[in-house]
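Written out below as structure tokens is the structure these notes cover.
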Amino acid sequence: MASRPRPSGVRRMDSTQEGQTDADYCPAIGNKFAVKSKLPSSCENVVEHAEAFGQLPHNLTKLVETDYEYLSHPGAVRNLSYDELHKEVVARGEGQVLEKENNVIHVDTGKFTGRCPKDRYLVDAGEAHDNVDWGAVNLPIKEEVFDAIFALHQERIQGLEKIYVFDGFVGASKKSRRAVRVVTEQAWHHHFCTNMFIRATEEELKDFKPDITILNTRATNDNWQQMGLRSETCVALDLNRGLAFVTGTEYSGEMKKGAFSAMNYYLPLEGIMSMHSSATVGTEGDVAIFFGLSGTGKTTLSADPTRFLIGDDEHGWDDDGVFNLEGGCYAKTIELNPEKEPLIYAAIRRDAILENVVINAEGRCDYDDGSRTENTRGSYPMWHIPNHEPSGKAGHATNIIFLACDAFGVLPPVSKLTTEQSLYHLVSGYTAKVAGTEMGVTEPTATFSTCFGGAFMPLPPRRYAQLFEKKIEEHKTTVYLVNTGWTGGAYGVGKRMDIVATRSIVNQILNGSIKESEFSEPDEYFQLSFPTSLPGIDSKVLDPSKAWSDQAAFKETCAKLSAMYKDNFKKYEGDPYMAALSNHGPGGSARLNK
């Protein structure tokens, strides 16, 4: 396969539209917004008022095109350029320019500095009623409740002097992508969308029709208790109609994860794998995919100067290969270090947005200060990474790496998985909730998350597992489990895996040299085989038992985590396909009996 030349840059697809005069919330201009009739303000008579929203019947079995005439709003601005956005955010007092940090925009997200997974809902109606894996993650919301809150956002929009409309795409593959429209009250949210979604060309904007529409305003819902909600915060998605809203939180990640959740529903139903992952491609066209929850190293490990970055968080895998769902990166910046993460550090410059980073008296970022939140973030367009892949796509995966932040410190730094083990660990999605990624999490806590992103997976796990199995078998993809968590003891006793050592392990996976190593026999607790030696890596680190000084504590902890794996998988006992995978995981015997 021919080598790919290093890209020199990417053409920006920004609008040249002039900025408009800013003003605060102004209810007086509500009558200027072209709507078809008065919008309802509560659950009462929502169905009768449905036509006021331009909504089609709720029982349709396909995505419907909806036109709420947002662009007819007298203060609507669409797809602003970065220069315009910079001026807007500052003029409105939504953020500050850090002159000593390459003129990056700095914002504070207010009350919430992470996602609110307990306030995330999906509309329980139509085809979604039968397709969605309902439960503690995918919480149902009634259609009429969704419409009532959607109406609150509509009314809020009517009374705004200015609204920001971003039109773009989710998905770099033109045959698999979806058109997304995000309407926001705040300019910095528009800036965020410009960074994170794929920007449309002027030609594509001419006849643009959204498949997914997201509203994000400061609308308030005083009737949340009567509606049966947990709080006034509500992030909801109607998969049947391609509609969503963000209520009661200004954390920007809710917008991108809303679109991602939608894609994790639409794509698999078309036979396309969707993945919570980062991805890179080598100079010879070899593709690597990194699965992992926030904080496990997806963004850090994919920022590799020797490879081309396809994307850092969300991807699809269709018949043509792997493609990015996004147009930018949303990196954690806590303890960001130019020596350990030079590409990410350098990407934080003008056109990037920093969220909740502590600024010292000299006007510089204190990335080590987690007093505001451990979930400090930086969003930036893909071209801030000099070795990004401009097309946002590449061929089929050669290697896949599951990243697990093992808070118990007993998993090997790297293990090679069989197909069945790959499916087991994909479905299990073991890691630790890293401090600050979600509200209320202040230290790593063991968790299991389907496909290493269960919070964004609307469909049953079997659907993703079967697609994954088909892909890795068809393309002879090798799968590894890499522990980026603790070694030598559990959290509080051991120490975190050194990022330099982890990078070395990953490099040896990607260049294929790890296959020359001798692998251990499967261990008795997890059935995992690990290399007995790797150049530049201490053998005591490769074998987790040797890294522990207290062998009794090691065995006890192994048994504890193994039991947790088994307990988590019990919920699949009623499904023969899923239940068969349990014998290939911790506590099983498929490999031990060979």
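Entry remark, region 531-556: residues being assigned to a helix (DSSP H, G or I) and among the small types (Gly, Ala, Ser) number 5 in total. Go through region 339-373 and give me each residue that's open to solvent by 10 Å² or more (accessible area, probe 1.4 Å), modelled with pLDDT under 95 and either touching a helix residue (DSSP H, G or I) at 6+ places or on another chain (Cβ under 6 Å) or closer than 22 Å to Asn195 by Cα (or both). Matches in region 339-373: Lys340, Glu341, Pro342, Leu343. Are any residues in region 520-561 farther than 16 Å from Tyr430 by Cβ, of a type in the set (Val, Ile, Thr) and open to solvent by less than 30 Å² (accessible area, probe 1.4 Å), and if so, which ones? Listed by number, the list holds a single entry, Ile537. Residues in region 297-338 that are open to solvent by 30 Å² or more (accessible area, probe 1.4 Å) and farther than 28 Å from Glu474 by Cα: Pro305, Lys332, Ile334, Glu335, Asn337, Pro338. If the condition is being open to solvent by 20 Å² or more (accessible area, probe 1.4 Å), farther than 28 Å from Val541 by Cβ and assigned to a helix (DSSP H, G or I), then region 376-427 contributes only Trp383. No other residue among Ser278, Ser294, Ser274 is free of Cβ contacts under 8 Å to residues at least 40 places away in the same chain and either buried (at least 24 other Cβ atoms within 10 Å of the Cβ) or part of a strand (DSSP E or B) (or both) apart from Ser278. For region 174-189, which positions are in a loop (DSSP other than H, G, I, E, B) and open to solvent by less than 10 Å² (accessible area, probe 1.4 Å)? Ser176 - this is the single residue of region 174-189 that is in a loop (DSSP other than H, G, I, E, B) and open to solvent by less than 10 Å² (accessible area, probe 1.4 Å).
Of the residues making up region 457-498, those that are among the hydroxyl-bearing types (Ser, Thr, Tyr), assigned to a strand (DSSP E or B) and closer than 15 Å to Ala432 by Cα number 1. The conditions of being among the aliphatic types (A, V, I, L, M), closer than 24 Å to Leu301 by Cα and out of contact with any Ser or Thr (no Cβ under 9 Å at 6 or more places or on another chain) are not met by Val479.
Scanning region 468-497 for residues that are open to solvent by 70 Å² or more (accessible area, probe 1.4 Å) and either closer than 24 Å to Phe308 by Cβ or within 24 Å of the chain's Cα centre (by Cα) (or both) returns Lys470, Glu474, Lys476, Arg496. For Leu354, indicate whether it is touching a Gly at 6+ places or on another chain (Cβ under 9 Å), aliphatic (A, V, I, L, M), assigned to a strand (DSSP E or B) and within 28 Å of Glu254 (Cβ to Cβ). It is true that Leu354 is touching a Gly at 6+ places or on another chain (Cβ under 9 Å), aliphatic (A, V, I, L, M), assigned to a strand (DSSP E or B) and within 28 Å of Glu254 (Cβ to Cβ).
Cβ-Cβ contacts under 6 Å between residues 6 or more apart (or on different chains), taken from a first residue in region 140-161 that is under 16 Å from Gly242 (Cβ atoms) to a second residue that is part of a loop (DSSP other than H, G, I, E, B) and of a type in the set (Ser, Thr, Tyr), are listed as His153/Thr217.
The numbered conditions (1) crowded, with 17+ Cβ neighbours inside 10 Å; (2) touching a strand residue (DSSP E or B) at 6+ places or on another chain (Cβ under 7 Å) are all true for Ser504 except (1). Cβ-Cβ distances below 9 Å connect the following pairs, each with a first residue in region 561-579 that is free of Cβ contacts under 8 Å to residues at least 24 places away in the same chain, a second residue that is outside any helix (DSSP H, G or I), and a separation of six or more residues or different chains: Lys566/Gly585; Lys566/Pro586; Lys566/Gly587; Lys566/Gly588; Ala579/Glu573. Take Leu293 and decide whether it is modelled with pLDDT under 95 and either within 25 Å of Glu355 (Cα to Cα) or touching a Leu at 6+ places or on another chain (Cβ under 6 Å) (or both). The answer is yes for Leu293.
The values are calculated or read from the model by the stated rules, or taken from the named source; none is laboratory data. In this text the structure is predicted, and so the values were computed from the model without any measurement. Here the Cβ is made from the backbone with ideal geometry for all residues, glycine too, and neighbour counts use every protein chain on show. Side chains are part of the model used for accessible areas, which takes the heavy atoms of the whole protein and leaves out ligands, DNA and RNA. Shrake-Rupley method; radii C 1.70, N 1.55, O 1.52, S 1.80 Å.
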